[in-house]
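The values are calculated or read from the model by the stated rules, or taken from the named source; none is laboratory data. If you're wondering where the values come from, they're calculated on a predicted model, not measured in any experiment. Note that each Cβ is placed from the backbone with ideal geometry, even for glycine, and that neighbours are counted across all protein chains shown. Only protein heavy atoms, including side chains, enter the accessible area calculation; ligands, DNA and RNA are left aside. Shrake-Rupley method; radii C 1.70, N 1.55, O 1.52, S 1.80 Å.
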Amino acid sequence: MDGYQGLTALIESAWEQLDGSDAGRRDLCLDVVSDVLETGRLTPDDAERAVERLVKVTLSGESYPVRESALHAACTASTHYELPYRVVEPLAVGADDFEPLLLDYVLAILGATHDQAALPIVERFLHHPHPEVRREAAEAVNELRWSQESIQGETAQ
């Protein structure tokens, strides 16, 4: 088994354990997924499939620790892979329903897509009652605007 097969086997094992574990172990399974995503060694397609599954777990009504672990793993993936907006769009659709700490993850993930479709969603949180959410929203807006300016600068050259 080569290194890549080992990574995909770890993720598959974590998904199997996630499907069969009690809530106390479910977040630990997601920590394994996060660790694999953090290596940055998955193919973009495999990373996208993992994040799609993490998004489903996040939106599934799981316990808070499980949802936080899923979002942490998705956020980790967003720093190592260029995730398309379509993969994380369900988080944007449900953004208003997240607790402030979880919303911080969602905003960071949306900002990391560099997709302008995320901008109006993220901008809504610039006036959120929690300062941490406002700060994360401002960072995500800056990242989205920076990426737009970078693209415009490249096309002007």
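Overview of results
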| item | result |
| --- | --- |
| Which listed residue, of A95, A112, A108, A74, is touching a Cys at 6+ places or on another chain (Cβ under 6 Å), closer than 30 Å to R25 by Cα and modelled with pLDDT of 95 or more | A108 |
| Pairs, first within 20 Å of R135 (Cα to Cα) in segment 82-101, second at pLDDT 95 or above and surrounded by fewer than 18 Cβ atoms within 10 Å (Cβ to Cβ), C-beta under 7 Å, six or more apart | G94/L59; P100/H130; P100/E132 |
| Segment 88-131: number of residues that are in a helix (DSSP H, G or I), open to solvent by 60 Å² or more (accessible area, probe 1.4 Å) and within 16 Å of T58 (Cβ to Cβ) | 5 |
| Residue list for segment 4-30, restricted to those being open to solvent by 60 Å² or more (accessible area, probe 1.4 Å) and under 18 Å from the mean Cα position of the chain (by Cα) | L28 |
| Given (1) at pLDDT 90 or above; (2) open to solvent by 70 Å² or more (accessible area, probe 1.4 Å), index of the condition M1 fails | (1) |
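Here is a yes/no grid of residues against (1) touching a Cys at 6+ places or on another chain (Cβ under 8 Å); (2) surrounded by fewer than 20 Cβ atoms within 10 Å (Cβ to Cβ); (3) among the aliphatic types (A, V, I, L, M):
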position	(1), (2), (3)
R49	no, yes, no
L54	no, no, yes
R67	no, no, no
Y81	no, no, no
R134	no, yes, no
